[in-house]
Amino acid sequence: MKITSMQFVGSVAKLWQLPKTRLPEIAFSGRSNVGKSSLINSLLNRKKLAKTSSTPGKTRMLNYFSINDVFYMVDLPGYGYAKVSHKERHAWKRLLESYLSKNDYIKGVIQIIDSRRGITKLDEEMLNWLSFLELPTLVVATKVDKLPKSKARHLLQAIEKEAQQLGGFSVLPYSSVTKIGKNELWKSIDGLLKLTDNSQVKN
Ligand code: GTP
Ligand code: MG
């Protein structure tokens, strides 16, 4: 896809605040600090369109980015951040639950995991839930630039095996630093935007 325009549309804390112009959406999900915002920036060749931080829990709302006025990338708030109150965590869960389950515009979910940590318990919960909702989902294992060379293959194979077992998810190795996987991810996003049936992405 050739990007001709991109723009931050706004942050959403309640579902009634969703953008008035409805377009297909690609959502980026993952635990706090995993690199969701960095990945969106790397896809768009921007440094700071999506706000990133070394402090976890930076993205607390759904952030909408309009691409070519054709679809939205939605940067979801990260889960698993320990330092939020019970109340806030509950609010986050409700927002995400209603966003994902009552939204016909979502064409696919890019589920981001840390390639060094693999699929954690919370990632697994999220994947099970995405499966249940029958949302087309691609697992992206990011920060591969941080993997020790000697272990990279083994770690990625283990992630692939687990993702397959969890629900036939494909895994794409990625790095927002080296941009490895970027072309493949764009291809998958193009594919998701064209998908009409709710099946998992095979690559
Ligand atoms: P929250 O908004 O808090 O949920 O975090 P996030 O998932 O949006 O993570 P963010 O993109 O803010 O990145 C968190 C940290 O990881 C930052 O310090 C980034 O520079 C770093 N980071 C993100 N992606 C990569 C990557 O591919 N490689 C390396 N080495 N660092 C990365
Ligand atoms: Mg973020």
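Listed by first and then second residue, the pairs with beta-carbon distance under 8 Å, at least 6 apart or on different chains, first residue in segment 168-182 and of a type in the set (Val, Ile, Thr), second more than 9 Å from ligand 1 (Cβ to nearest atom) and open to solvent by 10 Å² or more (accessible area, probe 1.4 Å), are VAL171/LEU156; VAL171/GLU160; ILE180/PRO173. Does LYS161 satisfy the condition of being modelled with pLDDT under 95, over 30 Å from LEU49 (Cα atoms), open to solvent by 50 Å² or more (accessible area, probe 1.4 Å) and part of a helix (DSSP H, G or I)? No, not satisfied. Only residues that are aromatic (Phe, Trp, Tyr) and without any contact (Cβ under 8 Å) to a residue 40 or more places away in the chain: list them for segment 1-53, please. Residue satisfying the conditions is TRP16 alone.
Selection of segment 20-54 for residues being away from ligand 1 (no atom under 11 Å from the Cβ), within 20 Å of ASP190 (Cα to Cα) and in contact with a helix residue (DSSP H, G or I) (Cβ under 8 Å, 6 or more places away or on another chain) yields PRO24, ILE26, ALA27, LEU43. The lone criterion from (1) at pLDDT below 90; (2) under 20 Å from ILE189 (Cβ atoms) left unmet by TYR72 is number (1). When segment 164-177 is filtered for residues that are among the polar types (S, T, N, Q) and assigned to a helix (DSSP H, G or I), the ones remaining, listed by number, are GLN164, GLN165.
In segment 10-54, which residue that is part of a loop (DSSP other than H, G, I, E, B), of a type in the set (S, T, N, Q) and within 14 Å of ligand 2 (Cβ to nearest atom) is farthest from TYR105 (Cα to Cα)? Only one residue tops the list, namely SER54. Taking ARG94, is it away from ligand 2 (no atom under 16 Å from the Cβ) and modelled with pLDDT of 90 or more? No. Tell me the residue from LYS143, LYS107, LYS121 that is open to solvent by 80 Å² or more (accessible area, probe 1.4 Å) and either touching a Lys or Arg at 6+ places or on another chain (Cβ under 7 Å) or closer than 25 Å to THR52 by Cα (or both), please. Result of the check over LYS143, LYS107, LYS121: LYS121. Residues in segment 65-80: is at least one within 12 Å of ligand 1 (Cβ to nearest atom), within 24 Å of LYS143 (Cα to Cα), without any contact (Cβ under 8 Å) to a residue 12 or more places away in the chain and assigned to a loop (DSSP other than H, G, I, E, B)? Scanning segment 65-80, I find no residue that is within 12 Å of ligand 1 (Cβ to nearest atom), within 24 Å of LYS143 (Cα to Cα), without any contact (Cβ under 8 Å) to a residue 12 or more places away in the chain and assigned to a loop (DSSP other than H, G, I, E, B), so the answer is no. Screening PRO19 with (1) closer than 27 Å to ILE180 by Cα; (2) open to solvent by less than 50 Å² (accessible area, probe 1.4 Å); (3) not hydrophobic (A, V, I, L, M, F, W, C) gives one miss only, at (1).
The values are calculated or read from the model by the stated rules, or taken from the named source; none is laboratory data. Quick caveat, the model's predicted, so the values are computed rather than measured. Positions of Cβ are backbone-derived with ideal geometry, glycine not excepted, and every protein chain shown enters the neighbour counts. For accessibility, only protein heavy atoms count, side chains too; no ligands or nucleic acids. Shrake-Rupley method; radii C 1.70, N 1.55, O 1.52, S 1.80 Å.
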